[in-house]
1. Would you work out if the range 130-308 is rounded, prolate or oblate? Take a ≥ b ≥ c from the square roots of the eigenvalues of the alpha-carbon gyration tensor; rounded if a/c is under 1.5, else prolate when a/b is larger than b/c, oblate otherwise.
2. Mind running the shape call on the range 345-424? Use the C-alpha gyration tensor, a ≥ b ≥ c as the square roots of the eigenvalues: rounded below 1.5 for a/c, prolate if a/b tops b/c, oblate otherwise.
3. Residues in the range 418-443, backbone N under 12 Å from the label point at residue 360 (7 Å along the Cα-to-beta-carbon vector): list them, ranges by number please.
4. Return the ratio Rg/(2.2 N^0.38 Å) for the range 115-180, where Rg is computed over Cα atoms only.
5. Rounding to the nearest 10 and keeping the result within 0 to 90°, find how far the Cα-based axis of helix 242-253 lies from the longest principal axis of the chain.
6. Kindly provide the helix-only [θ] at 222 nm of the chain, computed as the sum of -39,500 (n - 2.57) over DSSP H runs of four or more divided by all residues, to the nearest 500 deg cm²/dmol?
7. Going 7 Å from the Cα of residue 431 along its beta-carbon direction, which residues of the range 290-308 have the amide nitrogen within less than 18 Å of the resulting point?
8. Which residues in the range 329-357 place their backbone N less than 20 Å from a point set 7 Å from the Cα of residue 129 along the Cα-to-Cβ direction?
C-alpha cells in the first residue's frame, strides 16, 4: 500500500473585507475525492476573495487550515462549480465527493454538518435570468415572494440563532441577485429595446443596497453591492467616467469607510485586470486616497507588478507547449516573425466561431512575416488532438501542458483570447482584436508593410 500523506495549507484572512472586527480560532477542512480522479484541484474561495488551491495526496485527500476567522461562509470549488460551506471559529469539517459528480455526490459532516447539508440541498429559489422576460413589476413581486418563501424554509430549521440571522441576510441578496442586471436581460429576452427603469425599480435597488461593512463577508452581498453601486452612480452622475462618478457617489451617499474602501479596491482591480496599467493614473489616485487596508494594498502591488509584465513593449511571458506529435515549442521557436496567438479550447463556442476567420487570415498572409499559433487550454488533450487531426483547426496548433503559467501570467479568465507579439517576442497587444474583426487584418497588413 502507498503511504498516505496530507498536504496542509494554512491561510490567514488578512484583507479587511472579512468583517469590521476580527475573530480568533482555527478551522480545519478535510477534503477527500472518492473516485481517484485527481486531474483537477479543489479550490477554497475565502471571504477576502483569495483563492487557495488544495493540494491532494495520491489518495485524493487534502487539508486546509483557516486561521483568525469569525463565523463565515466559504466556497469549495471544483472544476466549473462550487458549494457553500458555513464555518464557525474552530470548525472541523469533512467533505467528500466523486470528481465526476461533484454536485450530486458531495457529503459534508463534522461541525455544523446539518447546516452545511441544508445549504447544499438546493431548496432555495431566486428570480432567474430567464424570468427577466416578465415585466419589471412582476419580476420584483416574484422576487419578493421567493424571499418570503426562502426565509420561511430557514425559520423552520432547528439551527442556532447566530446562523439563522446571518443566513437571513445572505438570502436577501441571493434571492435578488439578478435584479441589478434586470435591464440588460429583460431587453434581450423580452426584446424590449426601449425599456427604461421605473422610479419603483430604483427605489427597490436603493432599499436593498444597504451600506454595512459587517455584510462584506457575504459573497452575495458583495456582488449585489458592486453591481448596484455601479448602476446608481451612473444614474446619479451620468456625465462622468467610471472612477470619477464612483468617487462622487461615495462622497455623497456612503458614510461607511470600509464599504467605500471595498468598492474602490474592487473597481480599480477590475479596471487594471481588464485594461492593464496604462491610463490607470486616476484609478490609482482614488485607490491611494481610500484604501488603507494592508492586505488590499499588497494585492494591488502584486496586481500592478503582474499586469506590468503584460504591458506594451514588455517581453511576453513564455509557454511550454507541444504539438500533436509531442514536439515541444517555446516562444523562442517563433523569433524573427510577428506572432498572433489564439488561446482557445475545443469546448468553447465563441472560440469555434473564430476558426474560419483565423483560417482566412492564415491563407491571406501565408509565407509572410507572421506566425499564427493556436494554444489550447483544453482539460482533455485527447479532445484537442482529435480536433487537430480531423483538420477542424488550421495553422500551428499547440497544447498548453499542465502546470504552464502562460494563462495566469496574462490574467486570462475567459476565452477566446488573442495576443499579438513583435518579431522579438515583445507585446504589441495583450488583448488583440479577434480574427473576425476587420481591424485585425488591417493591423497585420500595416505591420508587415513596415
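1. On the way: a/c = 2.16, a/b = 1.34, b/c = 1.61.
Oblate.
2. Details: a/c = 1.66, a/b = 1.17, b/c = 1.43.
It is oblate, given that a/c is not under 1.5 and a/b is not larger than b/c.
3. 435-442
4. Working: Rg = 12.6 Å, N = 66, 2.2 N^0.38 = 10.8 Å.
That works out to 1.17 for the range 115-180.
5. 10
6. -12500 deg cm²/dmol
7. Under 18 Å, as judged by backbone N against the label point of residue 431, lie 303-308 of the range 290-308.
8. 345-354
Every read-out reported here was derived from the displayed coordinates using simple, explicitly stated rules and does not represent laboratory data. Bear in mind that the values here come from a model prediction, so they are computed numbers and not experimental data. All Cβ positions, even for glycine, are placed from backbone atoms using ideal geometry, and neighbour counts span all protein chains on display.
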